[in-house]
Amino acid sequence: MPGLLFVNKPANNLVTPAMNSDKQKLKDFLESKVGQYNSIRFIETDPISIPHLFNKKEDVEIAGFMAATIAWGQRTTIISNAKKLMQWMDGTPHDFIMNFSEKDLLPFNAFVHRTFNSQDCIHFLWALKNLYQNYGGLENAFCSGFSSDEADTKNAILLFRQRFLQLEHPQRIEKHLANPDKKSSAKRLNMFLRWMVRTDNKGVDFGIWKQIKPAQLICPLDVHSGRVARKLGLLDRMANDWQAAEELSQNLRRFDPNDPIKYDYALFGLGVFEKY
């Protein structure tokens, strides 16, 4: 998009009218793309369609977490495999997690999604049971790592990760739960948090977690959104790591400090649907 890139700031830090104009053009462009892609029309073809199968809060968050966990690869395959998981949970994820026995886990021995295999899946179910029995569920396990004022998503994810991996587990399990301390952008966990925390009248994100403010979220970052963000002058760092996700999120707060991660829709739509 010619004319939409940020103008480099002069050495004397003077903000020129041209810079303000470019920033407004970019904001208007992003807002238009948010309006285009933050729409229920896109739910059907997105992994967020899985938690939208449910109404009960705990069902929504468990379905969302499992769908986000396997959200890499072809979108149709992600959705198909996530639906399979929900069917094996008898269509009641929360009740299943709270009450399953070893026998109930037998169907999951056939599960595989790319490198996320049956062993990984079954451990994730046990870990979820532990969170709901001992930490009050996914929301409390995540949200207690946030302060009331700061966007300390990294610390919250690290605390959640510690709790999730509390049970004895094979080492391979850990690669399926992002670790920002090892420079992961934690794209899928940040996407899941966006689903649970953001709230508007568009009907896509759920807004069912009230202990975290949308302003505290970090933008999901992958190869597509990173490419678009760099083209638009929103990201300088070349690696798609946690530091880049923080840089991008901070730049997005310049346009909407209260709800910066809504622009994930714009970056995602431009990158995936428009191949920008």
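If amide hydrogens are placed 1.01 Å from N in the peptide plane, which non-local residues have theirs closer than 5 Å to the one on Cys219?
The answer is Ser249.
Rounded to the nearest 500, what is the 222 nm mean residue ellipticity of the chain from helices alone, with -39500 (n - 2.57) per DSSP H run of 4+ residues and division by all residues? Mind showing how you got there, number by number?
Working: 11 runs with 126 residues, N = 276.
After summing the helix terms and dividing by residue count, I get -14000 deg cm²/dmol.
In the neighborhood of Ala71, defined by Cβ-to-Cβ distances under 14 Å, what is the net charge if each Lys or Arg adds +1 and each Asp or Glu adds -1? Could the numbers behind the result be given before it?
Numbers: positive: Arg75, Lys83, Arg114, Lys187, Arg188, Arg194; negative: Asp46, Asp222, Asp264.
Cβ neighbours under 14 Å give a net charge of +3.
May I ask you to list the aspartates and glutamates whose Cα is less than 16 Å away from that of Lys25, ignoring any residue fewer than eight positions away on the same chain?
Asp256
Among Lys231, Lys262, which comes first, then next, by fewest other beta-carbon atoms within 10 Å?
Working: Lys231 15, Lys262 24.
Least crowded to most crowded, the residues run Lys231, Lys262.
Stick to Cα atoms and the Kirkwood definition of Rh, then tell me Rg/Rh for region 56-195.
On the way: Rg = 14.4 Å, Rh = 15.4 Å.
Ratio value, two decimals: 0.94.
From the cross-link list Lys33/Lys57; Lys57/Lys275; Lys57/Lys83; Lys27/Lys56; Lys187/Lys210, which pairs have alpha carbons spaced over 25 Å apart? It would help to have the intermediate numbers written out before the result.
Details: Lys33/Lys57 29 Å; Lys57/Lys275 35 Å; Lys57/Lys83 18 Å; Lys27/Lys56 36 Å; Lys187/Lys210 21 Å.
Over 25 Å apart, Cα to Cα: Lys33/Lys57; Lys57/Lys275; Lys27/Lys56.
How do Cys143, Cys219, Cys121 line up, fewest other C-beta atoms within 10 Å first? Walk me through the numbers before you get to the answer.
Details: Cys143 20, Cys219 30, Cys121 24.
Sorted ascending by nearby Cβ count, the order is Cys143, Cys121, Cys219.
So for Ile173, Ile261, Ile208, fewest C-beta neighbours within 10 Å to most, what's the order? All intermediate terms of the calculation are to be shown ahead of the outcome.
Numbers: Ile173 19, Ile261 25, Ile208 16.
Ordered by Cβ neighbours within 10 Å, fewest first: Ile208, Ile173, Ile261.
Whole-Hz ³J(HN,Hα) for each residue in region 82-96, computed from phi via Karplus 6.51 cos²θ - 1.76 cosθ + 1.60 with θ = phi - 60°, x for glycine and proline: what do you get?
Per-residue couplings from phi come out as 5, 4, 4, 4, 5, 5, 5, 8, 6, x, 9, x, 5, 4, 5 Hz.
Relative contact order for region 56-195: what percent, with Cα pairs under 8 Å and sequence separation of 6 or more? Numbers along the way, then the final one.
Numbers: 121 pairs, mean separation 31.6, N = 140.
Relative contact order comes out at 23 percent.
Report the one residue of Leu128, Phe100, Phe54 whose Cα lies farthest in the direction of the positive end of the charge dipole of region 49-141 (charges on C-beta: Lys and Arg +1, Asp and Glu -1; origin at the Cα centre).
The Cα lying farthest towards the positive end belongs to Phe54.
Read-outs: derived from the displayed coordinates by stated rules, not from any lab. On a predicted model such as this, the values are computed, not experimentally measured, just so you know. Don't worry about glycine lacking a Cβ; one is built from the backbone with ideal geometry, like all the others, and counts go over all protein chains shown.
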